[in-house]
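Below is one structure, written out as structure tokens; comments come after it.
Please treat every number below as a calculation from the coordinates, not as lab data. If you're wondering where the values come from, they're calculated on a predicted model, not measured in any experiment. Please note: Cβ atoms are built from the backbone with ideal geometry, for glycine as well, and neighbour counts cover all protein chains shown.
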Amino acid sequence: MIKVGVCGAMGRMGKEVVNAVCCSNDFELVCAVDVVELDTEVCEGVHINGDLKGAIEIAKPDVVIDFTQPKNVFENAKICLENGVRPVIGTTGLSEARLNTLREMTEKSNLGCFIAPNFSTGAVLMMKFAKMAAKYFENAEIIELHHNQKKDAPSGTAIKTAQMMAEENSSFTTGNCDETEIIAGSRGGSTNANIHIHSVRMPGYMASQEVLFGSAGQILSIRHDSVDRKCYMPGVLLAAKYTAEHNEFVYGLDNIL
Ligand SMILES: NC(=O)c1ccc[n+]([C@@H]2O[C@H](COP(=O)([O-])OP(=O)(O)OC[C@H]3O[C@@H](n4cnc5c(N)ncnc54)[C@H](O)[C@@H]3O)[C@@H](O)[C@H]2O)c1
């Protein structure tokens with residue numbers, strides 16, 4: 001049995017993870033951490049603890065699954081690694097510099113650490129297909145659509161998709177005429193390889209992304225929609241098992257699918 005802690009256990013994703021862990025025969029929920037609703041019992045005998053370090057010392061989890069907030073996730077991951085626990089991170093918003101720091105800490109401590117901007121298997125396939133298509137088109141843009149409580153933009157999935165496409169094609173959206181943005185931001189944010197990313201936030205969406213490719217006379221559209229948070233759970237549990245068994249830093253679910 002792999003002993004699991006969940007950080008952000010009272011959040012939308014955290015509650016799903018707690019439920020998935022408690023229903024699985026391979027995992028045991030040993031602690032649950034959040035900064036709200038302290039002492040609430042989330043699973044038999046497991047109550048919300050407000051202090052991650054304290055919870056780790058008492059419950060000694062093998063892995064801690066983190067679905068908290070972009071502003072807290074780095075500190076949480078450091079607490080895990082400094083205390084001999086392997087973080088599995090779904091929280092988005094970690095900068096390149098912070099990812100590198102966590103990679104170095106993981107290697108030095110000889111532990112495992114898994115970070116995935118998207119744990120949904122369908123979304124990972126969408127990213128792989130976008131990477132495959134990238135070398136056949138000169139123009140590409142990404143539109144990502146999320147619920148209006150999402151705190152970071154663009155989404156981690158959009159950033160990761162752009163990175164994967166850039167590995168195949170170093171400059172997209174070429175051949176356009178000179179543009180003037182009448183309203184700042186109209187053309188979205190431009191990241192790796194000149195791929196423009198547009199972020200939509202509104203109630204009704206959960207998490208969707210469309211990657212548009214264009215060349216003379218044709219458009220290819222690759223789209224994925226997450227309609228229920230349950231879609232992330234098989235990927236989260238797969239990553240938790242992998243992380244408990246491997247002393248590696250892994251970024252992206254695609255690496256173990
Ligand atoms: N990787 C993926 O597949 C994936 C999927 C969905 C959401 N996400 C990301 O997961 C994160 C959480 O999403 P959500 O919709 O569950 O958010 P949410 O706001 O519903 O939940 C976050 C929870 O974390 C708690 N929290 C905040 N700071 C904390 C801290 N320092 N210690 C412990 N708990 C803390 C909050 O009280 C809250 O209960 C976001 O960054 C979101 O973008 C990732």
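Things worth noting here:
- Potential lengthening between Asp152 and Ser170 on full extension [0.36 nm per residue; Cα-Cα distance subtracted]: 3.9 nm
- Neighbour-count ranking [beta-carbon atoms within 10 angstrom, fewest first] of Thr68, Thr91, Thr180, Thr174: Thr180, Thr174, Thr68, Thr91
- Here the extension length gained between Glu245 and Glu57 equals 65.6 nm, from 0.36 nm per residue of separation less the Cα-Cα distance.
- Distance histogram for the range 121-226 (every C-alpha pair counted, 5 angstrom bins, percent rounded to whole numbers): 2, 13, 24, 25, 19, 11, 5, 1
- For the set Lys3/Lys230; Lys3/Lys160; Lys108/Lys131; Lys60/Lys241, the pairs lying more than 27 angstrom apart at their alpha carbons are Lys3/Lys160; Lys108/Lys131.
- Entry note, the range 97-174: relative contact order of 38 percent, from Cα contacts under 8 Å with a spacing of 6+ residues.
- Tilt relative to the chain, helix 73-82 - C-alpha long axis, 0 to 90 degrees, to 10: 50 degrees
- Residues of the range 85-101 with amide N under 15 Å of the 7 Å Cα→Cβ point at Arg201: 92-93
- At an R0 of 30 angstrom, the distance between the Cβ atoms of Glu44 and Asn72 translates into a FRET efficiency of 0.65.
- The spread of Cα positions in the chain, taken along each principal axis and listed from longest to shortest, comes to 62, 38, 31 Å.
- Taking other Cβ atoms within 10 Å as a rough exposure proxy, Val211, Val200, Val42 sort from fewest to most as Val200, Val42, Val211.
- Which of Ile219, Ile79 has the fewest Cβ neighbours within 10 Å, and the rest in rising order: Ile219, Ile79
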